[in-house]
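Quick notes on the structure that follows.
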Amino acid sequence: MNPHKLVIKATAERDFNNIDAKSKERIVSAIDNLKIVPFPRGCRHIKSAGREFFRIRIGNYRVIYSWSNLTRTLTINHIRLRDEHTYEKL
């Protein structure tokens with residue numbers, strides 16, 4: 001199966017730069033898998049302010065992304081440590 005197009009937003013890059021090395025490896029691996037299977041087992045649908053996102057869980061981190069069926073593009077919006085503010089201001 002061909003990998004889908006991947007876009008990583010600046011917000012996700014900033015989030016990623018603040019993560020420890022071991023977690024980074026797991027997150028990179030999970031994002032590589034998302035390029036092939038954009039809705040893996042365990043992904044969850046999130047609605048926020050009229051926009052639709054999905055999230056996957058990697059340990060204590062959440063990768064929040066959107067998917068365009070039209071362009072077959074996966075956009076990584078945020079990579080956040082899970083806490084009470086994880087899904088605010090998406």
Being in a helix (DSSP H, G or I) and either at negative phi or modelled with pLDDT under 90 (or both) narrows it down to one of 46, 19, 31, so name that one. 31
Report whether or not residue 9 is at pLDDT 95 or above and among the basic types (Lys, Arg). yes
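Taking segment 10-25 as the region of interest, how many residues are charged (D, E, K, R), over 13 Å from residue 59 (Cα atoms) and surrounded by fewer than 16 Cβ atoms within 10 Å (Cβ to Cβ)?
Filtering segment 10-25 down to residues charged (D, E, K, R) leaves 13-15, 20, 22, 24-25.
Of the ones still in play, those that are also over 13 Å from residue 59 (Cα atoms) are 13-15.
Applying the additional criterion that residues be surrounded by fewer than 16 Cβ atoms within 10 Å (Cβ to Cβ) yields 13-14.
Looking only at that region, the number is 2.
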Any idea which residue in segment 26-54 is surrounded by the most Cβ atoms within 10 Å (Cβ to Cβ), counting only those that are closer than 15 Å to residue 7 by Cα and of a type in the set (D, E, K, R)? 35
What single numbered condition from (1) touching a residue at least 60 places away in the same chain (Cβ under 8 Å); (2) in a strand (DSSP E or B); (3) hydroxyl-bearing (Ser, Thr, Tyr) fails to hold for residue 65? (1)
List, please: which pairs have Cβ atoms under 7 Å, are six or more places apart or on different chains, and start with a residue in segment 30-55 that is closer than 14 Å to residue 75 by Cα and end with one that is buried (at least 17 other Cβ atoms within 10 Å of the Cβ) and charged (D, E, K, R)? 55/62
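The values are calculated or read from the model by the stated rules, or taken from the named source; none is laboratory data. If you're wondering where the values come from, they're calculated on a predicted model, not measured in any experiment. Backbone-built Cβ (ideal geometry, glycine too); neighbour counts: all protein chains shown.
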